[in-house]
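Structure first, commentary second.
The values are calculated or read from the model by the stated rules, or taken from the named source; none is laboratory data. All figures in this text were calculated on a predicted structure; none of them were measured in a lab. Glycine also receives a Cβ, built like all others from the backbone with ideal geometry; neighbour counts cover every protein chain displayed. Protein only, heavy atoms only, side chains kept; ligands, DNA and RNA dropped before computing areas. Shrake-Rupley method; radii C 1.70, N 1.55, O 1.52, S 1.80 Å.
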Amino acid sequence: MREDDLMTDSLQKFEKLLYNHLIPEFCEDASRLVSSDSFRKVSQKIGQLDAEYFLKAWNNHLVKHRGRGLYRTSRSCASEQFFWTGKKVSEGERAFTLWLEPVITVGGLARLHFDWGWPEELIGTQSSDWAFDLVAYLPGCDSEIIAGEVKKTRKEIDELIELMNGFCKSSRDMEGLSAKERNALRKVTGLRRSRARVFWALGPDGYSRSFIVSYSENEEIHLQERADSILDYALYKE
């Protein structure tokens, strides 16, 4: 099969999953005031690799439906949903759109498991303090060794890294910061809490930046960018 055919096949399979499972399961919860007719397809901008990895996670049950269109793994600290609910389109009904970040996050689980060898029971979504979208643990540890953040564009990933580097030298409070700055500071604060050894920033369609994290006694953090091979489970298991 040609590469173009593989791309079309992945996107077609994702769309089939979207309409046959994800949308109906999200609409099960009557309190959301949504129906399949109120889905706005204009929001669907899934790339080839995002579709491929999401399908891999789905088909191998890395995430499981917990009801009401919510999904999680055994090591997740919160459930994921794949849609945003918006304004009313008619009396008693709201529009909803596809939420790209959780789709990329679930694809990230597949990358950790299939590409880098992490056991299913050691990976999850959402850290305990909600600082990180994607996490990996070593056996018997409650603090993440890989802390991952997902953004919907490459630009957002690059801006996040730049802002984080500005906060890595010393602690500070949130007062007076923009929303993007507060988000970046939460990541740095989360790293100081968990002492994660790797920070992984994951964007759309395979865009990925991986960092070895080191910590000084004065709470200063250093992010050293490396190849994605630092995500390999074999480097950390005993």
- Query: With respect to E120, is the statement that it is in contact with a His (Cβ under 9 Å, 6 or more places away or on another chain) and either in contact (Cβ under 8 Å) with a residue 40 or more places away in the chain or of a type outside the set (D, E) (or both) true?
  - Reply: yes
- Query: Looking at the range 83-96, which of its residues are in contact with a Gly (Cβ under 7 Å, 6 or more places away or on another chain) and open to solvent by 40 Å² or more (accessible area, probe 1.4 Å)?
  - Reply: R94
- Message: I'd like the residue in the range 111-126 that is within 11 Å of the chain's Cα centre (by Cα) and open to solvent by less than 10 Å² (accessible area, probe 1.4 Å) and, out of all such residues, is farthest from L70 (Cα to Cα).
- Response: G124
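Name the one entry in D5, D29 that is modelled with pLDDT under 95, loosely packed, with under 13 Cβ neighbours inside 10 Å and among the charged types (D, E, K, R).
Values: D29 fails: loosely packed, with under 13 Cβ neighbours inside 10 Å.
Only one candidate qualifies: D5.
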- Message: When you check R193 against the structure, is it of a type in the set (D, E, K, R) and touching a strand residue (DSSP E or B) at 6+ places or on another chain (Cβ under 9 Å), yes or no?
- Response: no
- Item | Residues satisfying the stated conditions in the range 177-230, i.e. in contact with a helix residue (DSSP H, G or I) (Cβ under 9 Å, 6 or more places away or on another chain) and among the acidic types (D, E) | E181, D205, E219, E225, D228
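Within the range 73-82, is even one residue buried (at least 20 other Cβ atoms within 10 Å of the Cβ), under 16 Å from the mean Cα position of the chain (by Cα) and among the basic types (K, R)? Before the answer, list the steps.
Here is the first cut: in the range 73-82, the ones buried (at least 20 other Cβ atoms within 10 Å of the Cβ) are 73, 76, 80, 82.
Those left that are additionally under 16 Å from the mean Cα position of the chain (by Cα): 73, 76, 80, 82.
Remaining after also requiring among the basic types (K, R): none.
No, because not a single residue in the range 73-82 is buried (at least 20 other Cβ atoms within 10 Å of the Cβ), under 16 Å from the mean Cα position of the chain (by Cα) and among the basic types (K, R).
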- What is the one condition in (1) polar (S, T, N, Q); (2) over 30 Å from E220 (Cα atoms); (3) modelled with pLDDT under 95 that Q81 does not satisfy? (3)
- Message: Just checking, does the range 45-52 include any residue being outside any loop (DSSP other than H, G, I, E, B), modelled with pLDDT of 95 or more, open to solvent by less than 20 Å² (accessible area, probe 1.4 Å) and out of contact with any helix residue (DSSP H, G or I) (no Cβ under 8 Å at 6 or more places or on another chain)?
- Response: no
- Message: Six or more apart or on different chains, Cβ atoms under 9 Å: show the pairs whose first residue is in the range 153-170 and closer than 21 Å to V103 by Cβ and touching a residue at least 40 places away in the same chain (Cβ under 8 Å) and whose second is in a loop (DSSP other than H, G, I, E, B) and among the aromatic types (F, W, Y).
- Response: T153/Y207; R154/Y207; I157/Y207
